[in-house]
1. Can you pull the one-decimal nm distance between simple spin-label points at residue C:3 and residue C:265, each 7 Å off the Cα toward Cβ?
2. Please report the residue of chain B with the smallest beta-carbon distance to the B-to-C rotation axis, and give that distance in Å, no decimals.
3. Answer rounded, prolate or oblate for region A:1-57, using the Cα gyration tensor with square roots of eigenvalues a ≥ b ≥ c: rounded when a/c is under 1.5, else prolate when a/b is larger than b/c, else oblate.
4. Please express the Cα-Cα pair-distance distribution P(r) of the protein assembly as shown as a list of whole percents, one per 10 Å bin, running from 0 to the bin with the greatest distance.
5. Find the eigenvalues of the gyration tensor of the Cα atoms of region A:57-98, then list the square roots of 5 times those eigenvalues as equivalent ellipsoid semi-axes, largest first, in whole angstrom.
6. Please compute the contact order of region A:2-271 in relative form: average sequence separation of alpha-carbon pairs under 8 Å and at least six residues apart, divided by the residue count, as a percent.
7. Taking chain C as a Gaussian network, Cα atoms linked when under 10 Å apart, which of C:116, C:173, C:60 shows the biggest mean-square fluctuation?
8. For an R0 of 45 angstrom, estimate the FRET efficiency from the Cβ-Cβ distance between residue B:193 and residue C:10 and round to the nearest 0.05.
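Nothing in this text is a laboratory measurement; each read-out follows from the coordinates by a stated rule. From a predicted model like this one, the values you see are computed outputs, not experimental measurements. Cβ sites come from the backbone with ideal geometry, for glycine too, and all protein chains shown count toward neighbours.
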């Protein structure tokens with residue numbers, strides 16, 4: 001399944017509309033090209049409707065959101081929803097500022113999101129106050145570890161049921177959770193946290209996986225998480241005495257050179 | 001001539017004002033430095049007039065145009081025109097949205113452009129509706145190939161006569177066309193399409209070539225196309241089992257290390 | 001002292017709020033991660049107050065300033081001042097446009113800046129007209145050389161006394177000057193000028209150094225200058241026949257792999 005998901009990306013070259021931050025946007029574009037998709041960036045209210053309409057899916061990343069781009073996120077999302085395109089939200093920094101938290105919550109509320117991908121604190125900030133956390137001890141969830149993984153899955157599942165989206169929580173252990181299934185994924189390398197944008201790149205390629213696998217969005221998200229983590233592992237093996245900038249290049253290179261067979265053999269996940 | 005064009009860039013360090021997209025802007029800056037120019041980026045209406053005045057030329061790229069930057073494009077272009085600086089337009093995504101198409105057309109109409117550089121579909125979107133395509137079967141021009149090259153040159157020539165700009169159409173075969181001359185250029189490597197920004201980088205360095213060779217803008221554009229394509233060829237030879245991110249670095253490196261002699265020996269073009 | 005400054009960065013992971021340009025922002029983020037800090041980028045007036053409050057310091061870089069971000073710079077600076085966070089100003093292009101010069105001057109006037117870092121012409125543009133240059137022959141200061149270094153220190157010292165900030169002037173010879181002390185630093189490599197953003201990266205990591213060494217801001221700035229220059233030297237040794245894009249990666253890598261011991265051994269400075 002994981003293998004097939006990447007094959008579908010490579011065979012269909014999904015065109016992904018990104019409304020994303022200017023910090024990591026270049027890496028997102030090159031990661032999308034590496035995995036076999038095609039990127040378009042557009043964030044003006046008068047431009048996004050036309051652009052999203054010619055794409056297969058939409059990746060909304062609020063990393064450097066502003067008064068001009070926020071309405072464009074909503075407008076693009078609404079058109080994508082009408083057209084039945086998958087829409088992914090990356091709520092960068094939700095919980096760190098009122099504007100980020102409220103914008104992300106508004107997007108969850110107003111749009112039909114296919115996927116929400118963030119770290120545990122961002123996802124918690126989104127789910128809090130929306131009555132999704134009852135019965136789940138989310139307050140103690142500071143990280144997804146072997147000890148907390150079942151609790152985290154329960155929390156994500158409730159938020160998935162409430163929001164209708166696949167919930168992807170990334171960290172040392174990654175989770176991909178929908179109302180029925182949960183993937184627990186253990187690919188990756190700790191040094192990935194020394195690079196800006198591994199999360200943003202993951203959201204971009206995950207949107208391509210979702211576009212290429214519309215009937216299996218959850219599996220597509222899991223495949224994207226495995227691919228990114230595996231690229232991190234394989235890039236690290238080649239890093240030698242290099243540092244974080246070279247590592248960034250190697251990770252994108254590995255996405256570029258990853259065959260479905262390599263992904264299948266390297267993916268480390270279990271289902272719960 | 002091609003060789004002399006690069007020598008002139010290296011000897012004069014042309015300062016280029018870029019109003020460009022935030023996706024590939026860093027690569028554009030490093031490509032400009034690599035070829036021997038100097039980049040300035042500025043896109044606020046209250047800033048561009050002063051900045052463009054101290055530069056030698058202006059590169060307008062509409063890749064992530066917005067309501068704030070569009071008026072700045074016009075304002076900077078008008079000042080550059082008054083000062084007699086070369087102005088290049090890269091109509092990224094013209095034809096993909098109404099805002100892009102109309103903005104690009106407006107810039108063609110209001111400004112005296114020295115160069116317009118895009119892919120065949122962008123250039124077609126600009127030329128369509130402006131009565132430049134009569135007698136040319138542009139509708140069937142989906143790519144410039146050995147079969148369509150004469151037709152494409154005729155199309156570009158009409159648009160050059162109408163717009164007053166040198167028309168540069170890039171793809172597997174690249175064309176540089178003015179009212180009299182046409183360069184057909186065959187440098188490059190197919191993998192360049194796996195990198196975001198090779199077109200944007202080309203537009204940036206092409207502006208530097210135009211600034212440094214004001215009496216020979218057409219030849220300067222051809223030299224820039226050859227240089228970028230040759231950098232793609234030479235970078236690819238060093239790529240080994242690397243991927244698209246390393247390839248991006250190698251291409252900029254090759255621009256950095258390209259001597260006029262290397263360019264002369266590696267340029268593959270014919271005139272028609 | 002220089003060594004201890006880097007140890008403090010590594011031990012405290014300073015969180016730095018950057019309002020910076022979109023040209024070099026990715027390199028700034030990776031440089032901050034490399035040195036041991038943590039970057040956040042935010043530039044909307046409704047976002048910066050919350051973001052700056054959770055950070056340890058603020059880096060204001062006016063490289064692509066605009067009507068939307070300028071008020072955010074002032075607002076974030078005021079909050080940072082109230083919280084006692086160090087605030088660094090990088091007046092990119094001051095002197096090149098009225099908007100840049102006036103914005104930078106306004107920030108110097110309205111905010112309590114801990115550090116101002118620029119090249120000699122930017123610092124001169126800021127200091128001119130503010131009566132800080134009396135008795136100093138700043139007009140002839142086009143570069144800091146062995147011949148002009150004493151004059152440049154006197155000029156910087158006057159501006160430091162007037163502004164209250166540590167003044168950092170970078171070039172072939174770098175100066176870090178406060179009202180009492182002056183560091184004359186000779187790390188670096190001439191090829192660093194072929195990369196966009198070495199100055200911006202330095203400002204970003206310098207803010208991290210300032211946050212981690214609040215009692216010794218001047219020494220922290222000197223340590224940052226030495227670290228950046230040394231990374232340039234060490235990266236250059238590994239460059240081989242690479243060009244400026246690979247060089248950029250190597251410099252960030254060297255920041256990533258720099259131990260306090262390496263910095264101590266490689267720092268080349270004298271005090272005047």
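1. Between residue C:3 and residue C:265, the simple spin-label model gives 1.1 nm.
2. Smallest Cβ distance to the axis, with its residue: B:22, 2.
3. Verdict is oblate for region A:1-57.
4. Spelled out per bin, shortest first, that is 3, 14, 23, 27, 20, 10, 3, 0.
5. Output for region A:57-98: semi-axes of 20, 12, 7 Å.
6. It comes to 22 percent, rounded to a whole number.
7. Comparing C:116, C:173, C:60 in a Gaussian network model of chain C, the most mobile one is C:173.
8. 0.60
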